[in-house]
1. Could you tell me how many of the residues in region B:245-267 are surrounded by fewer than 24 Cβ atoms within 10 Å (Cβ to Cβ) and within 12 Å of residue B:73 (Cβ to Cβ)?
2. Quick check, is residue A:150 crowded, with 18+ Cβ neighbours inside 10 Å and either under 21 Å from residue B:225 (Cβ atoms) or at pLDDT 95 or above (or both)?
3. When only residues in region A:1-22 that are over 22 Å from residue A:66 (Cα atoms) and outside any strand (DSSP E or B) count, which is farthest from ligand 1 (Cβ to nearest atom)?
4. So, residue A:97, is that one closer than 21 Å to residue A:153 by Cβ, within 16 Å of ligand 1 (Cβ to nearest atom) and either crowded, with 18+ Cβ neighbours inside 10 Å or not polar (S, T, N, Q) (or both) or not?
5. Check every one of the helices (runs of 4 or more DSSP H) wholly within region A:86-130 and list those with 3 or more residues that are more than 27 Å from residue A:45 (Cα to Cα).
6. Out of everything in region B:289-334 that is crowded, with 24+ Cβ neighbours inside 10 Å and touching a Lys or Arg at 6+ places or on another chain (Cβ under 9 Å), what residue ends up being farthest from the other protein chains (Cβ to nearest Cβ)?
7. Of all residues in region A:15-37, which are open to solvent by 40 Å² or more (accessible area, probe 1.4 Å) and in contact with a strand residue (DSSP E or B) (Cβ under 6 Å, 6 or more places away or on another chain)?
8. Do we have residue A:63 as away from chain B (no Cβ under 14 Å), buried (at least 17 other Cβ atoms within 10 Å of the Cβ) and more than 21 Å from residue A:162 (Cα to Cα) here?
Amino acid sequence: MSDYVLRLDDVHTDIGDYQVLHGISFNVPQGGVHVLLGRNGAGKTTTLRTIMGLWRARSGAVVFKHHDITAMHTSDIARLGIAYVPENMGIFGGLTVQENMRLATATGGFDDGRLGHIFELFPAMEKFWDKPAWSLSGGQKQMLAISRAIIEKRELILIDEPTKGLAPSIIRAMIAAFEEISRDTTILLVEQNFLFASSLGRNVCVIDDGRIAHSGRMEELVADKDLQTRLLSLSLDAHQ
Amino acid sequence: MSKPAHIAAMFDRIGGVNALPVVLMIIALPLIGSFSSWVTLTVAGLAMGMMIFLMASGLSLVFGLMDVLNFGHSAFISFGAFIAASVLAWLAAWVGADSLTLNFLALFAALGAATLFGLAAGWFFERVIIKPVYSDHLRQILITIGALIVSEQIILAVWGGSPIPVPRPALLEGSFVIGDVAIEVYRVFAFFLGLAVFIALTLVLNRTRIGLLIRAGVEDREMVEALGFRIDRLFIAVFMTGSALAAMGGAMWAGYQGLISGALGGEMMILVFIVVIIGGLGSIEGSLLGALLVGLLGNYVAFIFPKLALASNMILMMAILLWRPWGLRPAVGK
Ligand SMILES: Nc1ncnc2c1ncn2[C@@H]1O[C@H](COP(=O)(O)OP(=O)(O)OP(=O)(O)O)[C@@H](O)[C@H]1O
Ligand SMILES: [Mg+2]
């Protein structure tokens, strides 16, 4: 099992009285970008939140490397080396860009090499370094959220819909950044934008109604038009 | 530029909401008429504001950080007042002594005892009463009001039902006289103590890692946990600090009043809630601003329109909320 960074085994999660996840199982191997697709309300965010310990699985197991993290406290899960970029980005608006990033470091100090690298990926971070984060644009906030996730070495980054509401040019910059980041960090990406997802993803799982509807390699899904229409029309219908 | 926009721009240029206490002082001067009365009332208002700030700052952070509504907060104020009164009565020889050192030791002992009690009681209160009802407002209200009633009964049992006098250390008695203006020493001391606490809190919040965590937690505690920090441990530290400051504020208030009764906590709590709401929940600067406004307005109105004294702070709160529904200085940049 040690070749998987993350393993979900028949995870059931309830939110209040609603059963949202009805047995999610998948494996995330080391390295690269792995994508969760699915229509609105399918349970993608709930899956990420369950991994992070922000919702509790009623049954099943979440295993990160050799640790069973199913019942662990969120902060302990984070300290094992998992970073989370939530759908709303989780930016602290009253804090500066610098302070937002500083909070994501273990000691409060920056590694100059990594920081310089982030400034190359996202020059806006250097430009707005001492500005309050609420003054950033939506795209810049997303870049800050991602910068915060990579300011120190992590094993795994969970990212929820980073392209939501972003202009195509920024999405292209994001693709380049993710390719770069995924060289030494595994990324589990929730995404609705199939173009974005398919240009990055190695593996893909499609979640529908709290269950895995399909899982396999991304190139298979890209090549198999029938499968694509069947799975993606699901999401198109949901958007109508 | 239209006229309202012009006024708004001018308001921002003179300091925005931070200038409100000064604006209030300037408006009050012609209404009061006499300069020496105005100085006396202003000093009293600033001193009262700072004491209310001590009581309010913790409550504001506690609500900002955990959404916890602690109606029992006034118990810390009352206990602080009564403990300080007892310590001062017990050290009566030092309180009345002709030695500045002994005076100071008595004062330090009284404030210290109240503050230490606040720390310990805050720890107990958070662990036993608040922790089981995180994120359940209705039960928080019920259980903290319950705890408040129990605390009031304990005060009644220990200190009795009749008002008790609070001896004031000789060093804080009397006034500075400048021309025809007399300024009470105690008020000046209260003002500077509050200012020192404000500066200390601001430094901790803005210059330390724990302060950074608190400011972040006020905005989004889930994200703070997802970054690897235990918000509950942070919260208990904040809760204990807030309780200790409330007790310190209560102790100072006791000395200011000279005579205290069990009703003190509840009376102050109304002002504390007003301050926290108009200042903006979770913001220390907001609490200070709100407390100074409430202190000044209370003193001015009691002099100019005595019959309106009680209503004035409620009117202030409503006016500010109509103007800025999130308070003057909300913690999150909106
Ligand atoms: N806090 C909540 N309380 C109650 N139900 C919730 C809550 N959060 C999510 N749900 C429900 O759980 C289901 C899955 O939601 P989830 O947010 O995981 O979907 P998603 O796949 O991320 O969708 P989207 O693409 O719209 O972000 C939905 O039916 C939603 O209504
Ligand atoms: Mg979602």
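1. Residues that pass the stated criteria total 1.
2. Here the answer is yes, as residue A:150 does meet what is asked.
3. That would be A:17.
4. No: the conditions fail for residue A:97.
5. Hits in region A:86-130: A:112-121, A:123-127.
6. Only one residue tops the list, namely B:290.
7. A:22, A:25, A:27, A:30
8. yes
The values are calculated or read from the model by the stated rules, or taken from the named source; none is laboratory data. It should be emphasised that the depicted structure is a prediction, and the values quoted were computed from it without experimental measurement. Please note: Cβ atoms are built from the backbone with ideal geometry, for glycine as well, and neighbour counts cover all protein chains shown. Side chains included, ligands, DNA and RNA excluded: accessible areas come from the protein's heavy atoms. Shrake-Rupley method; radii C 1.70, N 1.55, O 1.52, S 1.80 Å.
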